[in-house]
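Quick note: the coordinates plus some simple rules give every number you see, no bench work behind them. What you are looking at is a predicted structure, and each value in this text was computed from that prediction instead of being measured. Methodologically, a virtual Cβ is constructed for each residue, glycine included, from the backbone with ideal geometry; neighbour enumeration extends over all protein chains shown.
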Amino acid sequence: MTETLPHPGTDQAAHDLALLDTSHLSDALDKLGINGQIGGLLPLQRTSRLVGRAFTVRYVPITGTGGTVGDYIDDLDPGTVVVIDNAGRTDVTVWGDLLTATASQRGIAGTVIDGVCRDSDRAVELGYPVYARSRWMRTGKDRVRVESYNVPVTLGGVCVEAADYLVGDGDGVVCVPAARVREVIDIATEIRIAEDAIRRAVEDGASLREARTAHGYHTLQTRKD
């Protein structure tokens, strides 16, 4: 069902992304002209952290009878991020307790939903990262069905392809295209280093204006030509 992805312990890009905040990555995406900041999705827990490669799932409304909400979770490798496109619907859920428990048991890195989840207390209890538009209890069974797996999907205005990298923290979630992950990491790392230097300069007595000017703060995220 899904391509074999590098184990998170051997995926250098995933390791390097885990050292960066979404703010660093967002600025790097801006600099490269990449639309990767997924709008409107926030974590159930402010302290959540998520890094991994996407397994995409697209849901569509049931127009007749039948259909399935999917048993795909049993086939995924540890470190995978489940990325669900439910067209931003907030009236039916596509993720709940049984999926959370199974994903947590299997070492799945987390779930990102353009839609809603339910049984949120269970995810919090297990420390399992879920990013969604909101939470609500109404089931998607007999209302939506899985249309396809590992196809390009759209979440919060961002196209996510299978095996792209997802990074989430308390501020939200970004998608880093697999084909450009090293570029993004390199620029985001430069931004993090510059911001750390500015912070240290201020702590040592410099004004913020002086520190920002010295380290090129105002052009850190300016788009490259």
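Details
- Overall Cα dimensions of region 135-207 - principal axes, largest extent first, Å: 63, 33, 15
- Calculated FRET efficiency for the pair residue 87/residue 206, C-beta based, R₀ 41 Å, to 0.05: 0.25
- Separation between Cα centres of region 48-95 and region 157-217, rounded to whole Å: 29
- Among 125, 195, 147: highest mean-square fluctuation, GNM of the chain, C-alpha pairs under 10 Å: 125
- Max mean-square fluctuation residue, GNM over the chain, Cα-Cα springs under 10 Å, options 204, 186, 114: 204
- A quarter of the convex hull surface defined by the alpha-carbon atoms of region 91-225 gives 11.6 nm² as the mean projection.
- In this structure the amide hydrogen of residue 80, modeled in the peptide plane, comes within under 5 Å of the amide hydrogens of 109, none closer than 5 places in sequence on its chain.
- Given charges at beta-carbon only (K, R positive; D, E negative), |dipole| of the chain in Debye: 540
- Each Lys and Arg adds +1 at its Cβ and each Asp and Glu adds -1 at its Cβ; summed about the Cα centre, region 103-174 shows a dipole of about 400 debye.
- Rg [Å, one decimal], Dmax [Å, integer] - region 18-102, C-alpha atoms: 15.6, 47
- Inverse mean reciprocal Cα-Cα distance (Kirkwood Rh) of region 12-183, Å: 15.8
- Structure-based [θ]222 nm, the chain - -39500 (n - 2.57) summed over DSSP H runs of at least 4, per residue, nearest 500: -8500 deg cm²/dmol
- Local electrostatic count at residue 153 - Lys and Arg +1, Asp and Glu -1, tallied over other residues with Cβ under 11 Å: -4
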